[in-house]
């Protein structure tokens, strides 16, 4: 119990009461110094009156309080990155971590525990009883601390980090000073507990690096670091680099041998990726026997391959104004590297000159379609007869080229499509339309192509529609085409001609085959968008607007894709991965998603939540095995887009499975904390418990009127004493 | 399909001029020689087109020939020709009487009004028009004339070609298929070279600078060096 003054008085009232007491006593002392008769009586009554008057103002209270002891708040950060799924000291590292947390709770029962997991971003609440596998693709301890710094919760008295030490941040080799600087706002001891201390017997691809960006057709160096740990003895390890393609076996890009010294070795391999866009590459090693973790013997990586210049092979069967328009457009674009071959003379032409008088060269069909085909990003076959000019034997090469990611444009004319002897050939199978068997295959009636619904919606025709709306120039005829293939998108159709199933005949169609894309245009009159009275209304810009977009779509230019896909976290084998899908505004209909494994046609589960009409939405990829995948999206009945990505088991987290005890020791030392192994976690000490008042009762010593009455009586007695002693 | 995109040597008509006389057979001969010698399609019954007609903009080539002063172009004709050149059209100016040069001078004068910031420059034998199909060392027509063509270059392209050789005179033939004019000084050999020039001009229009391409240039340069 204790005594306190009334709590309803303001501070100034207490001070005033104190001054009254002192002032009253001073005045009495001064009076008695001048008049000493019966001074003791006067002084004692004055003192009593002044004290009682002061107490009447201050009204003292009786206080009764109860106290309890509160343990220290301790923050525990448990590493939840994928490396914690590897084996540690006697068990899986994450299970060792669970045991550590349980042991901390048991041995320091008075402490108030705040358990969090950490991984690739902010720390998150976690409970060791939740026995899920660790799933974080990285371990960023500094981000976890940064997020917790901003929390409004009570600051902890101590922090415990439970990890294998294989952290992304702080990085390997960090100094105490750097740790101190990074965690300057955490002025409490940070203890560290290692869940693993011995290296696995493992051979792994530790790191894969490239210098600069990957540019199509240009060789770039792949630097691969391979390491062996534990009891594994490694000297020379064979290594292979493959590109995973949609159809068929992976393409070997490079192979070599890594020579290891003191358990680590690096090899540089030049590789060339011929196709731009996202390309999936697998780097794998042949590990020696005894390798405890085969999953990190390969890395599957997505390369975003850019283009320096787009290389186009332009082949025309005869020179016409349509050929002229195409050539002038191709040559006007500085970003295009054009190799052109026009058939200027056929065998039946009478040139009336010796070969030396002609500026003609042989059409190098064999070199072009056997040796150099893969060096081109796209091939334009314009009004070109495959049979007459010796292309027929190479049509399967051209088909393979498209399968492997090449772009193909077939433009009609007297020698295009069926009239050019493509019906029934391997090339027909890659076209977005089927070809009728008629040898002639041409309709010469003039017509104006009709824009389809897909044509109005696709970003591919947005620029040309901005100039002309749905108007198109009159065409003098068309090659006959049949049905569009499944997945193909028809942008222009014939107003009267129909396919064998009675649908309007496609005139302009886009399609995908394997890894490549194909444009089929059944007319030879788009040059009228470059040169005609109609063209002059827009200064001839219509032709460029059309072909810029068609080539852009062929080359997967994001501007012409109907949707964009981004992985919200790296794809890790066995785990669902969230993806964000952004569709181009204005496109109607649901998103149809189809997931295929590169290199096989294996049917895969659908995405969760992909059938949405929202402009931007999140869906979920199902749990996949390690490998390369292509996600195809089609918006309504419009154009489709494709997104290739890699899925790894373990990823960066398993590339280096060694625990890093040194880093944990450095962190502990930098903050005056302790480092212990998992078995010694009970040796950690934390601040003492502190007492905290839990109950408080206040009651007045006497009622206020008693103090007032006593003060009044004391003043009266003092007045009598003064009169009695002769004072006034 | 059919004649779509085929080379069409349309004759340009300005003012009160008419296309008549022996040279009216020359455009058809040009087309016929082109189809006979090359894979290029051509309109075998060429037409005329007025400079102030919207149809001038339907195709990218016209042939302007004559022997007298062309007179002053009307504003509508200037507008039409400007639109033609703006789209990249090619004009072949062929003087039927190079000995006086009246037609060519007047055509240059009027084209200076159409394209005021340009001047004709000589095209030497290295220009692509001399190797767009045949390898030619100099231009010839009914007359041997100058050893070069003049050209108005725009955006790096020869958009107007001036010939002071009477190409139409070398191509013209009577209804029996016989030449309408004697070719001097080298007779039939010169006529053949004139036809080759016509073929090259057509190929230049259809293929622009195709033969300048890197893959062709080294081979052609070697062959030309060997011929000299």
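When all alpha carbon pairs of the range A:561-651 are counted in 10 Å bins from zero, the resulting P(r) reads 18, 53, 25, 4 %. Helical content alone sets the calculated 222 nm signal of chain B at -10000 deg cm²/dmol, taking -39,500 (n - 2.57) per DSSP H segment of four or more residues and averaging over every residue. Does the range A:467-516 come out rounded, prolate or oblate, given a ≥ b ≥ c as the square roots of the eigenvalues of its C-alpha gyration tensor, rounded meaning a/c under 1.5 and, failing that, prolate meaning a/b above b/c? In terms of gyration-tensor shape, oblate.
What the Cα atoms of chain A give is an Rg and a Dmax of 42.5, 159 Å. The value of relative contact order for the range A:561-651, using C-alpha pairs under 8 Å at least six residues apart, is 36 percent.
Model label sites at residue A:9 and residue A:437, defined 7 Å from Cα along the beta-carbon direction, differ in position by 11.6 nm.
Length gained on full extension, residue A:537 to residue A:332, computed as 0.36 nm times the residue gap minus the Cα-Cα distance: 71.8 nm. Springs join every pair of Cα atoms under 10 Å in this Gaussian network model of chain B, and among B:126, B:192, B:16 the largest mean-square fluctuation is at B:16. Shielding value for A:533-541 is 4, the average number of Cβ atoms from other chains within 10 Å of each residue's Cβ. DSSP beta bridges confined to the protein assembly as shown are antiparallel in about 65 percent of cases. Students often get this wrong: which residues of the range B:36-74 have the backbone nitrogen under 15 Å from the point 7 angstrom along Cα-to-C-beta of residue B:24? Of the residues in the range B:36-74, B:45-49 have backbone N under 15 Å from the label point off residue B:24. May I ask you to list the residues of the range A:268-295 whose amide nitrogen lies under 16 Å from a point 7 Å from Cα along the Cα→beta-carbon direction of residue A:582? Nothing falls inside the zone, counting backbone N under 16 Å.
Over the C-alpha atoms of the range A:159-303, the Rg to Rh ratio, Rh being the Kirkwood estimate, stands at 1.08. Residue exposure proxy: A:404, B:138, A:437, ordered by other Cβ atoms within 10 angstrom of their Cβ from fewest to most, comes out as A:437, B:138, A:404.
Based on Cα contacts under 8 Å between residues 6+ apart, the range B:68-119 shows a relative contact order of 49 percent.
Note on residue A:694/residue A:266: beta-carbon distance plugged into 1/(1 + (r/R0)^6) with R0 of 56 Å gives a FRET efficiency of 0.30. Using the Cβ-Cβ distance between residue B:176 and residue B:44 with R0 set to 25 Å, the FRET efficiency works out to roughly 0.90.
Taking label positions 7 Å along the Cα-Cβ direction at both residue A:564 and residue A:370, the computed distance is 4.5 nm, reported to one decimal.
Based on C-alpha pairs under 8 angstrom that are at least 6 apart in sequence, chain B has a relative contact order of 21 percent.
Gain on full extension, evaluated as 0.36 nm per residue between residue A:467 and residue A:496 minus their Cα-Cα distance, stands at 7.9 nm.
For chain A, the mean residue ellipticity at 222 nm estimated from helices alone is -7000 deg cm²/dmol, where every DSSP H run of n ≥ 4 contributes -39500 (n - 2.57) and the total is divided by all residues, rounded to the nearest 500.
According to the square roots a ≥ b ≥ c of the eigenvalues of the Cα gyration tensor, what is the shape class of chain B, taking rounded for a/c under 1.5, prolate for a/b larger than b/c otherwise, and oblate for the remainder? It comes out rounded by the Cα gyration axes.
The stretch between residue A:187 and residue A:34, if pulled fully straight at 0.36 nm per residue, gains 48.6 nm over its current Cα-Cα span. Simple spin-label estimate for residue A:199 and residue A:177 gives 2.9 nm between the two label positions (7 Å along the Cα-to-Cβ direction from each Cα). Can you bin the range A:310-554 into rounded, prolate or oblate? Criterion: square roots of the alpha carbon gyration tensor eigenvalues sorted a ≥ b ≥ c, rounded for a/c under 1.5, prolate for a/b above b/c, oblate for the rest. Here the range A:310-554 falls in the rounded category. Can you compute the label reach from residue A:63? Point 7 Å from Cα along the Cβ direction, backbone N cut-off under 14 Å, restricted to the range A:693-711. Zone members listed by number: A:693-701.
None of the figures in this text is laboratory data; all of them are computed from the coordinates on show. None of these values were measured; they are calculated from a predicted model. Positions of Cβ are generated from backbone atoms using ideal geometry, with glycine treated the same way; all protein chains shown enter the neighbour counts.
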